[in-house]
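The values are calculated or read from the model by the stated rules, or taken from the named source; none is laboratory data. Here the structure is a predicted model, which means the values were calculated and not measured. Here Cβ is always computed from backbone atoms with ideal geometry, including for glycine, and neighbour counts include all displayed protein chains.
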């Protein structure tokens, strides 16, 4: 699972460089996020703009990462493609996660 991380103020922005988060890569995604999520700041923003497909395993991985980071750090998601956003709405996870249309230009101010 290719992820790219960049610290921006109090936020860690993690870009997913894959087009799928499914059963084949969900465990690897969680492990990589665990490794990256231990840094400073109180927010982790995951850029999903390249992810075209996310299944229930991928959704479960997102929830697991959110729980892993809490309560010290908040997991936020950005750039959800239409299919991924539809899954979050159908499962009502759009009420659980903070969703941004794009990665905030100044992650320090966005919430």
Among the listed residues 18, 61, which satisfies the condition of being outside any helix (DSSP H, G or I) and modelled with pLDDT of 95 or more?
18
Does residue 3 qualify as being surrounded by fewer than 21 Cβ atoms within 10 Å (Cβ to Cβ), touching a residue at least 24 places away in the same chain (Cβ under 8 Å) and under 19 Å from residue 67 (Cβ atoms)?
yes
Just for the range 32-46: of the residues that are in a helix (DSSP H, G or I) and either at positive phi or touching a residue at least 24 places away in the same chain (Cβ under 8 Å) (or both), which one is surrounded by the fewest Cβ atoms within 10 Å (Cβ to Cβ)?
34
Matching residues, the range 59-88, being touching a helix residue (DSSP H, G or I) at 6+ places or on another chain (Cβ under 8 Å), within 22 Å of residue 105 (Cα to Cα) and surrounded by fewer than 18 Cβ atoms within 10 Å (Cβ to Cβ):
85
Flag if residue 56 is surrounded by fewer than 18 Cβ atoms within 10 Å (Cβ to Cβ) and under 15 Å from residue 100 (Cβ atoms):
no
